[in-house]
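Single-structure report; data block below.
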Amino acid sequence: MAPEDQITGAEPDGPPTADLIARRRADIDAKQELVANVLAEMGCEAVVVLMPAHLTWITAGLNVRGLIADSERPSVYTNGRQRWLLCSNVDTQRLFEEELDQLGFQLKEWVWDGGRSELLYNITAGRKVAADQPFPNVPMVNDRLRPLLRVLSTYEQEQYRDLGRAVANAVEATARTILRGDTEEEVAGQLGHRLLRRGTQPAALSVAADGRGAKFRRAGFTSAPVTHTCVIQATGQRNGLFVTAARTVSFGPPPDEYRTAFDLALKLSAIYRSYTAPQAIVAPVAEATGMILAGTAFEFDARLSQPGYGAGRFAADELRRAGADELLVAGQAVVWQPRVGPAACVDTVLVTATGHQPVTPPTEWPFKRVTVRGVATDVPDLLVRPTSGVT
């Protein structure tokens, strides 16, 4: 197996260790206590958690497998002291054997041909119950859960760093080994394959060849061949957590305009990270983008895409709510994505008490160390490969 194809960052084979089970159960217990506080504030007896992001949060990473309708997805019911998994008899065996064993969940089950609705009615009738999906006369808990989901727990941050390494390694290995003339679709296939081999589900893939990203900020992938430059981006998901990273490869030296655009994006990446700290907002980042690009051929590019998103429990969560910036908080994950012309520098970071920590740092990849506002950052550079496509 070639070095670039070695599987790193994946979950270990075999059943989880006793220590891992204990840490995950402690994480779930702590979240149940947070929910108990929310229920007390709302004057409710219990809550039904149905949304996928909320479900993976309160279970510390439950994975729902297979072809499944929204109306038969599992959910959790808790009164803040005890917790129950609500699920179809189709899923019970796997969920308790592979996902929730020894984690303190009891079971309320429905038979597949009866459906979930009757079970939900039976457990909520005559009680003041909150929910995260709209039901008649049931208060919504979403706004109270949102700040809890934004902060990754210590247990989740460990999982998140492992996921970040897996995503960065998959993107970098793909960029080091693609051949000149491969189509964007072929590159995306290689990237998805590497993610899956690392125990990571591809949530979103983007491959932009030869400047296509200058026209389409959300490029996806097409049958266009890679002849000179290529931006390869992946969002990987594992245990309900999402990480995004991108790398750029050039066969032979890039065109001067492309190099200029990439250097501007690289500089902006360092600037964005320098503003990453608790209580910070996205407005200074947007203002800095306009200042850096002023007087260049890309001075209007700041209008074409968001500088970044919240991440963690969501692949992309807007950093503004109802037109107002939200304050960053310690433990929150952020995807910064400065895009200038055809170039992009995209990486995920964690907000820490003193600044930020890279989640997808460059490993076997060239980088530039940039110091902005007293903050030194290693930003992945553009990789120049031989025009033959052979490393």
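Structure values in brief
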| item | result |
| --- | --- |
| Only listed residue being assigned by TED's automatic domain parsing to the domain that holds Ser117 and not polar (S, T, N, Q), chosen from Leu145, Leu163 | Leu145 |
| Val138 vs. criteria farther than 28 Å from Leu319 by Cβ and either modelled with pLDDT under 95 or in the same structural domain as Thr360 (by TED's automatic domain parsing) (or both) | yes |
| Criterion (of a type in the set (A, V, I, L, M, F, W, C) and either over 27 Å from Cys230 (Cα atoms) or surrounded by fewer than 18 Cβ atoms within 10 Å (Cβ to Cβ) (or both)) met by exactly one of Val351, Val346 | Val351 |
| Residue within the stretch 80-97 that is more than 16 Å from Leu34 (Cα to Cα), aromatic (Phe, Trp, Tyr) and not assigned by TED's automatic domain parsing to the domain that holds Arg24 present | no |
| Boolean, Tyr121 is of a type outside the set (Val, Ile, Thr) and not assigned by TED's automatic domain parsing to the domain that holds Arg73 | no |
| Filter result (out of contact with any helix residue (DSSP H, G or I) (no Cβ under 9 Å at 6 or more places or on another chain) and part of a helix (DSSP H, G or I)) within the stretch 210-247 | Gly213 |
| Number of positions in the stretch 358-373 that are surrounded by fewer than 17 Cβ atoms within 10 Å (Cβ to Cβ) and in contact (Cβ under 8 Å) with a residue 24 or more places away in the chain | 5 |
| Test: residue in the stretch 41-56 that is surrounded by fewer than 19 Cβ atoms within 10 Å (Cβ to Cβ), over 23 Å from Met140 (Cβ atoms), of a type outside the set (Lys, Arg) and within 28 Å of the chain's Cα centre (by Cα) | no |
| Total residues in the stretch 140-166, condition of a type in the set (S, T, N, Q) and in contact with a helix residue (DSSP H, G or I) (Cβ under 7 Å, 6 or more places away or on another chain) | 1 |
| Filter result for Ala69 (under 21 Å from Glu118 (Cβ atoms) and either in the same structural domain as Val141 (by TED's automatic domain parsing) or out of contact with any Asp or Glu (no Cβ under 6 Å at 6 or more places or on another chain) (or both)) | yes |
| Check on Tyr272, in the same structural domain as Ala311 (by TED's automatic domain parsing), crowded, with 24+ Cβ neighbours inside 10 Å, in contact (Cβ under 8 Å) with a residue 12 or more places away in the chain and of a type in the set (Ser, Thr, Tyr) | yes |
| Selected residue (criterion: surrounded by the fewest Cβ atoms within 10 Å (Cβ to Cβ)) from residues of the stretch 125-147 that are more than 30 Å from Leu328 (Cα to Cα) and under 33 Å from the mean Cα position of the chain (by Cα) | Pro136 |
| Of the criteria (1) in a strand (DSSP E or B); (2) farther than 25 Å from Asn137 by Cα; (3) among the aliphatic types (A, V, I, L, M), which one Leu85 fails | (2) |
| Considering residues of the stretch 323-357 that are out of contact with any Ser or Thr (no Cβ under 8 Å at 6 or more places or on another chain), at pLDDT 95 or above and assigned to a strand (DSSP E or B) only, the residue nearest to Phe298 (Cα to Cα) | Val340 |
| Options Glu299, Glu287; residue that is more than 29 Å from Thr174 (Cβ to Cβ), outside the structural domain of Pro52 (by TED's automatic domain parsing) and either part of a helix (DSSP H, G or I) or among the basic types (Lys, Arg) (or both) | Glu287 |
| Qualifying residues in the stretch 229-241 (those that are out of contact with any strand residue (DSSP E or B) (no Cβ under 6 Å at 6 or more places or on another chain) and not polar (S, T, N, Q)) - the one surrounded by the fewest Cβ atoms within 10 Å (Cβ to Cβ) | Gly240 |
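The values are calculated or read from the model by the stated rules, or taken from the named source; none is laboratory data. Remember, predicted model here, so these are calculated numbers, not experimental data. Glycine gets a Cβ as well: all are built from the backbone with ideal geometry, and neighbour counts include every protein chain shown.
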